[in-house]
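These notes concern the structure reproduced below.
The values are calculated or read from the model by the stated rules, or taken from the named source; none is laboratory data. None of the values given here were measured: they were computed from a predicted structure. Quick reminder, even Gly has a Cβ in these numbers, built from the backbone with ideal geometry, and neighbours come from all protein chains shown. Each accessible area value is taken on the protein alone, full model and side chains, heavy atoms only, with ligands, DNA and RNA left out. Shrake-Rupley method; radii C 1.70, N 1.55, O 1.52, S 1.80 Å.
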Amino acid sequence: MKIPVQKIGLLVILVSSACASAMQAKVRFIKFPDRDAETLGEIDKLSVNITCSRISRLSNIPELYDIHMGYEMPAQNAFEAVPRLGAAAVDLRKWSNVIGVSLPANPDDASCFSVTVTAEGRGDGVSVVTHKWTGRELGF
């Protein structure tokens, strides 16, 4: 049986696009509990550590924050944000849905996957307040 060249090309395109979409990782954005926003006040430092995955998207980063990203070790992606000016700091609600994390598709990576976030805020304006969240508290 002979298959026309045009149909073979179409078949190749369909198979390759199906494989590409299967390989795309699902992304979930970090969501912070609203109850913690008032306690922390304006955020002076936000640190995110992701093990066995990576930050794959950033969306609507609050203005005037310096962002540092990198790898602490091969399996751990790190993110840190600090305001350039003290007056530029925003509350925690502005950081919800900003940092997108790829969910691991590989079972080995899924077994060690974790997301940990630490925030330092101004609290009542007098003392520094620190809070730490992991996994389910962030929507994972």
Residue separation between Arg35 and Glu63 times 0.36 nm, minus their alpha-carbon distance, gives in nm 7.8 nm
Going residue by residue through the range 83-97, the Karplus relation 6.51 cos²θ - 1.76 cosθ + 1.60 with θ = phi - 60° gives ³J(HN,Hα) values, rounded to whole Hz and with x marking Gly or Pro, of x, 5, 10, x, 5, 7, 4, 10, 7, 4, 4, 5, 8, 5, 6
One finds the C-alpha centres of the range 81-118 and the range 23-48 to be spaced, in Å, by 6
Once all protein chains are kept in place, Asp108 shows an accessible area at probe 1.4 Å, nearest 10 Å², of 110
Output for the range 28-91: trypsin sites (Lys or Arg not before Pro) sitting in coil per DSSP, at most 13 other Cβ within 10 Å, listed by number, reads Arg84
Rounded to a whole %, the carbon-and-sulfur portion of the accessible area of the range 66-140 at a 1.4 Å probe is 52
Once all protein chains are kept in place, Leu103 shows an accessible area at probe 1.4 Å, nearest 10 Å², of 40
Interchain or sequence-distant (5+) residues whose placed amide H lies within less than 5 Å of the amide H of Asn97 are Ile30, Lys31, Phe32
Straight-line reach check, Lys31, cutoff 14 Å on alpha carbons, 8 or more apart in-chain or any other chain, hits among aspartates and glutamates -> Asp91, Glu137
Percent of all alpha-carbon pairs of the range 68-136 at distances over 19 Å, whole number, is 46
PRE zone check, label point 7 Å out along Cα-to-Cβ of Cys52, amide N under 15 Å, scope the range 90-123, hits 102-116
